[in-house]
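Novice: Okay, here's the structure, questions in a sec.
The values are calculated or read from the model by the stated rules, or taken from the named source; none is laboratory data. Remember, predicted model here, so these are calculated numbers, not experimental data. A quick note on method: Cβ atoms are made from the backbone with ideal geometry, for glycine too, and the neighbour counts reach across all protein chains shown.
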Amino acid sequence: MTQTLLNQMVNYSPRLLNRTFAALADPTRRRILAHLAHGDRCVTDLAKPHRMSLPAVSKHLRVLERAGLVRRKRSGRVHSLKLEAKPMQQAQAWIEEYRKFWEQRFDRLDEYLNQLQAKEKKHELKK
C-alpha cells in the first residue's frame, strides 16, 4: 500500500508544485489570490489594499502568473487578472495523498496499541 501511494505521488510535477507552494508562501500573494477569488480585478485594484507601488504588486503578480495561479488579460492599458485554481487543486491533491498516507499509518499504530492493551489485560487476568 505504501509503495502504491508513493508511486501516485511521483505523478505530480515537482516543478509545478514548487512554483505553486513558493507563490503561496508569501502572505501578500495569498491576499491577492483571496481578492481574485471574488472576481477579476485590475492591477490598480489589487495594489490599493496592500499600500504598495504598482511595480511591487506587478512583481507579486508575475510570481503568481509563473505558477499558473493567475491569468492576465490586456485591454488597452488595463491589465485584468483572473484566478486560475488548477495549480491549487493539484497542490491540494498532493497534500491529500500524504494525509491518506499518515492516516493509514496512524490507524495501524492504533490497531497495534489496541492489541498490546488486549494482551496486557489478558495477562493481568491470568495472574
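Novice: Identify all residues within segment 106-127 that are of a type in the set (Lys, Arg) and at pLDDT 85 or above; write none if there are none.
Specialist: 108
Novice: Still on this structure, please answer the following. Considering only residues of segment 37-65 that are modelled with pLDDT of 95 or more and in contact with a helix residue (DSSP H, G or I) (Cβ under 6 Å, 6 or more places away or on another chain), which is nearest to residue 86 (Cα to Cα)?
Specialist: Taking the candidates together, the pick is 64.
Novice: Same structure again: If the requirement is being over 13 Å from the mean Cα position of the chain (by Cα) and within 21 Å of residue 38 (Cα to Cα), which of these qualifies: 73, 100?
Specialist: 73
Novice: Mind checking which residues of segment 69-106 are aromatic (Phe, Trp, Tyr) and in contact with a strand residue (DSSP E or B) (Cβ under 9 Å, 6 or more places away or on another chain)? Break it down stepwise before answering.
Specialist: Step one: list which residues in segment 69-106 are aromatic (Phe, Trp, Tyr), which gives 94, 98, 101-102, 106.
Within segment 69-106, none qualify.
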